[in-house]
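The values are calculated or read from the model by the stated rules, or taken from the named source; none is laboratory data. Please read all numbers here as calculations on a predicted model, not as lab measurements. Note that each Cβ is placed from the backbone with ideal geometry, even for glycine, and that neighbours are counted across all protein chains shown.
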Amino acid sequence: MPHFPAPITSRLPAVGTTIFTVMSRLAQECRAINLSQGFPDFNAEDLLFERVAHHMRAGRNQYAPMAGVPALRDAVAAKMVALYGTAYDPETEITITAGATQALFTAVAALVHPGDEVIVFEPVYDSYAPAIALQGGVVRRVHLVAPDYRPDWTAVAAAISPRTRMIMINTPHNPTGMVWAPADLARLAELVRGTGIMVVADEVYEHIVFDGRRHESVARYPELAARSVVVSSFGKTFHITGWKVGYVAGPRELMAEFRKVHQFNVFTVNAPVQYALADYLAQPERYLGLADFYQGKRDYFRTALMGSRFDLLACEGTYFQLASYRRISDEPDTRFVERLTREAGVAAIPLSAFFEDGRDDRVVRFCFAKEEGTLAAACERLRRC
Ligand code: PMP
Ligand code: GLN
C-alpha cells in the first residue's frame, strides 16, 4: 500500500495505543497469566446465550429502536427504581449504548462545547481525557490522594471556575478500587448547587462493592440526579465485556441532547442481545449476588498474596487490586510490569498509565476477575518475586 501523500495533523497527538491493549498483547506474546486488562476469564451463564439464540431465531435481527429495545429500557428503569429509588422514564430518560465507552464519549460530545472545562479525578480511566479533548474541551485534573485515593474536596472546589461545564466521576473507581461515601456525594452536591455544571457518573462497577458497603449512585440523590448522566455497562455485570452493551440514564433535557449525537455515532445497538438482556435483567438475582461473588475472589487473591513482597492497598469495590512493589524494586512501574510479564509470567497494569504527567507511585493494578485456578497460579508466581 502506498503511503498517505501529505503530513497529517493528529487530533490526538499525545495518544498512542491504550495500555490495556499493550499489556494484553505482551501477555499473549509471553504466554503470561493476564491480570492486566479488566475482563473475566470465565463464561456467563448458558441461559443468557439461550436467550440470544432464541431472539435471533425469532427474527429479532433488524435495527432496534434508536434509543434501545423498550423491554430493556423498562428493565433498566425498574432496576434503578428498585436499587436507587429514582424513577427514570424509559421513553425519554434511558438510552441503550454500545458499552460504557461509547456512552461516555457520546455524553461528552453532546454536552461539552469548545473551551468548556471538564473536571476529572486522577488516576483517571483512559478514555475520558481524549473524549474531552476531541470536543475542544479543557481537562482539569484533580488528584485522588495516595494511599487511599479519596477525593480532596478542597482541591475540587479550587478547580471549579465559571467555565466548568462538567465533572466526570467514577465510583466504584477504576483503577483504585475506592468507593465514594455518602459524604462525598453530599460535598459534590454542595459544590455544584446553583451552577449549570453537569455530572457524568461512570458507575460501571455499581454491583461490585464489598464489606457491606452501599453503592452511592448519583441516582440516589435527587438534586444530583437532576444534573447527571449515569453510565453503566452490562459487560461488567454479566461477564460479557466483549458484547459491548451498556446504558445511560439522565433527565430528559440531557438525554435529548445525548440522543442527538447517539443517533449519528451508533444509531442503535445489537438487537437480539438487547432482547436477551431484557429477559435476563428482569431477574434481579442475576446481578444481586455479584458483590459476594467478587468479594470471594478479592479475598482469595489477597490471602494468596500474603507472604509476598507486594503491599496490597485497600480494595472496596471493582475487580481490581492495587499493589505497591516498593519492597521488590524501585524501577519505574512501566518497566516493572514489562519485567513482571516477561520474567515472572504475570501481566499487570502500571498505575502511571492513569496519570497525564506519568506520576509513578510504584503501584500496579491486578485484575482478579479470574477463575480460582488462574489466581492461584498467578499468586504462586507473584510470591516468588
Ligand atoms: N469506565 C470504566 C471505569 C471502566 O473500567 C470501563 C471498562 N473496563 C469502561 C468505562 C468501559 O466499559 P465498556 O467496556 O462497557 O465500554
Ligand atoms: N476497562 C478495562 C480495564 O480497565 C479495559 C477496557 C479496554 O481495554 N478498553 O482494564
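Here are the numbers for this structure:
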{"quantity": "Residues being over 22 Å from the mean Cα position of the chain (by Cα) and assigned to a helix (DSSP H, G or I) - total across region 58-77", "calculated": "3"}
{"quantity": "Hits in region 219-234 - residues which are closer than 13 Å to Met166 by Cβ and not hydrophobic (A, V, I, L, M, F, W, C)", "calculated": "Arg227, Ser228"}
{"quantity": "Boolean, Arg252 is surrounded by fewer than 19 Cβ atoms within 10 Å (Cβ to Cβ), touching a residue at least 40 places away in the same chain (Cβ under 8 Å) and under 20 Å from Leu185 (Cα atoms)", "calculated": "no"}
{"quantity": "Which numbered condition Lys297 misses (of (1) within 16 Å of ligand 2 (Cβ to nearest atom); (2) among the charged types (D, E, K, R); (3) within 17 Å of Leu104 (Cα to Cα))", "calculated": "(3)"}
{"quantity": "Any chance Ala82 is exposed (fewer than 13 other Cβ atoms within 10 Å of the Cβ), modelled with pLDDT of 95 or more and in a helix (DSSP H, G or I)", "calculated": "yes"}
{"quantity": "Residue match in region 230-240 (condition: away from ligand 1 (no atom under 13 Å from the Cβ) and under 16 Å from Ala103 (Cβ atoms))", "calculated": "no"}
{"quantity": "Residues (outside any helix (DSSP H, G or I) and either buried (at least 21 other Cβ atoms within 10 Å of the Cβ) or of a type in the set (S, T, N, Q) (or both)) located in region 222-239", "calculated": "Arg227, Ser228, Val229, Val230, Val231, Ser232, Ser233, Phe238"}
{"quantity": "In region 106-127, residue surrounded by the fewest Cβ atoms within 10 Å (Cβ to Cβ) [restricted to those that are without any contact (Cβ under 8 Å) to a residue 60 or more places away in the chain and either in a helix (DSSP H, G or I) or more than 16 Å from ligand 2 (Cβ to nearest atom) (or both)]", "calculated": "Pro114"}
{"quantity": "Options Ala100, Ala131; residue that is among the aliphatic types (A, V, I, L, M), without any contact (Cβ under 8 Å) to a residue 60 or more places away in the chain, within 28 Å of Leu351 (Cβ to Cβ) and within 16 Å of ligand 2 (Cβ to nearest atom)", "calculated": "Ala131"}
{"quantity": "Residues located in region 157-175, provided they are more than 9 Å from ligand 1 (Cβ to nearest atom) and in a strand (DSSP E or B)", "calculated": "Thr164, Arg165, Met166, Ile167, Met168, Ile169"}
{"quantity": "Filter result (within 14 Å of Val199 (Cβ to Cβ), part of a helix (DSSP H, G or I) and either within 16 Å of ligand 1 (Cβ to nearest atom) or out of contact with any Ser or Thr (no Cβ under 8 Å at 6 or more places or on another chain) (or both)) within region 176-185", "calculated": "Leu185"}
{"quantity": "Matching residues in region 154-195 - criterion: being more than 23 Å from Ala100 (Cα to Cα), among the hydrophobic types (A, V, I, L, M, F, W, C) and in contact with a strand residue (DSSP E or B) (Cβ under 9 Å, 6 or more places away or on another chain)", "calculated": "Ala155, Val156, Ala158, Ala159, Ile160, Leu191, Val192"}
{"quantity": "Contacts under 7 angstrom Cβ, first residue in region 185-204 being within 16 Å of ligand 2 (Cβ to nearest atom), partner aromatic (Phe, Trp, Tyr), 6 or more apart", "calculated": "Asp202/Tyr125"}
{"quantity": "All positions within region 333-358 that are in a loop (DSSP other than H, G, I, E, B), away from ligand 2 (no atom under 15 Å from the Cβ) and either within 18 Å of Cys379 (Cβ to Cβ) or out of contact with any helix residue (DSSP H, G or I) (no Cβ under 6 Å at 6 or more places or on another chain) (or both)", "calculated": "Gly345, Glu356, Asp357"}
{"quantity": "Filter result (touching an Asp or Glu at 6+ places or on another chain (Cβ under 8 Å) and either polar (S, T, N, Q) or part of a strand (DSSP E or B) (or both)) within region 89-105", "calculated": "none"}
{"quantity": "Single residue of region 21-74 satisfying the filter (surrounded by 15 or more Cβ atoms within 10 Å (Cβ to Cβ) and hydroxyl-bearing (Ser, Thr, Tyr)) that is nearest to Arg381 (Cα to Cα)", "calculated": "Ser36"}
{"quantity": "Condition check for Val337: more than 20 Å from the chain's Cα centre (by Cα) and surrounded by 18 or more Cβ atoms within 10 Å (Cβ to Cβ)", "calculated": "yes"}
{"quantity": "Which listed residue is surrounded by 21 or more Cβ atoms within 10 Å (Cβ to Cβ) and touching a Cys at 6+ places or on another chain (Cβ under 8 Å), from Tyr325, Tyr247", "calculated": "Tyr325"}
